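Chemist: Would you mind keeping the following structure in view while I ask a few things?
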Amino acid sequence: MAEFIRDSVGTDFPLVHVDAPYALQYRIGTMHQQVPMSWVTDALQSDYAVYAVIRRPTEMFELLPDDYRPYWHKQLVALDEPFLWIISNNEEMGWQDQMVHFINGLKMESRGMAYRTSPETAPFYIRMRADASLRLTNMTDSRRKLNLVVETESGRERHPITLLSKQTVEYYFP
């Protein structure tokens, strides 16, 4: 599975890890917190592309409407049994103009921006179009701080952000 991810979308691709083993992230070279299944089921029903790595898709489907049909992008088989899947609300496995992922309890909905990992900061976004935006929602019951870095034509902009519990803010990067 790690080889498929590296070869098809790269290690910066914003996968959402629901209950995938950390060994997968180790093999990819990333380390993101696992995300509650309920957050992912909400994201799957949005207009923003989300790609979830999950071991128990049946449990997730119990939280979705009966008529919901996700796209299955990859399945890992271990000992002749299906073990791990990548599912999405988008037909294509790859970078999309509108994407959602989660970092440290924050829901990150990007439009016209590409997420990148950086050894010096996280998260790091590159503006891909003039009307790029990023909507942040604190999904937790506590305050969250974030040092957001966005690369634009004029260079890297640093945005220290504090979000209260359940607060949503939207940033535009003209």
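Chemist: Looking at the stretch 51-68, which of its residues are in contact (Cβ under 8 Å) with a residue 24 or more places away in the chain and not aliphatic (A, V, I, L, M)?
Modeler: Once the filter is applied, which keeps residues that are in contact (Cβ under 8 Å) with a residue 24 or more places away in the chain and not aliphatic (A, V, I, L, M), the stretch 51-68 yields 51, 55, 56, 57, 68.
Chemist: Mind checking whether some residue in the stretch 148-159 is over 22 Å from residue 12 (Cα atoms), among the small types (Gly, Ala, Ser) and exposed (fewer than 15 other Cβ atoms within 10 Å of the Cβ)?
Modeler: yes
Chemist: Does residue 20 satisfy the criteria of being of a type in the set (Gly, Ala, Ser), more than 26 Å from residue 132 (Cα to Cα) and not assigned by TED's automatic domain parsing to the domain that holds residue 135?
Modeler: Yes, satisfied.
Every residue, every condition in (1) touching a residue at least 40 places away in the same chain (Cβ under 8 Å); (2) of a type in the set (Gly, Ala, Ser), yes or no:
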| position | (1), (2) |
| --- | --- |
| 113 | yes, no |
| 132 | yes, yes |
| 147 | no, no |
| 153 | no, no |
| 156 | no, no |
| 172 | yes, no |
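Chemist: Kindly provide the set of residues from the stretch 8-43 that are crowded, with 18+ Cβ neighbours inside 10 Å, among the small types (Gly, Ala, Ser) and in a helix (DSSP H, G or I), ordered by number.
Modeler: Residue satisfying the conditions is 43 alone.
The values are calculated or read from the model by the stated rules, or taken from the named source; none is laboratory data. The model shown is predicted, which means the values in this text are computed figures rather than measured ones. As a convention, Cβ positions derive from the backbone with ideal geometry for all residues, glycine included, and neighbour counts pool all protein chains shown.
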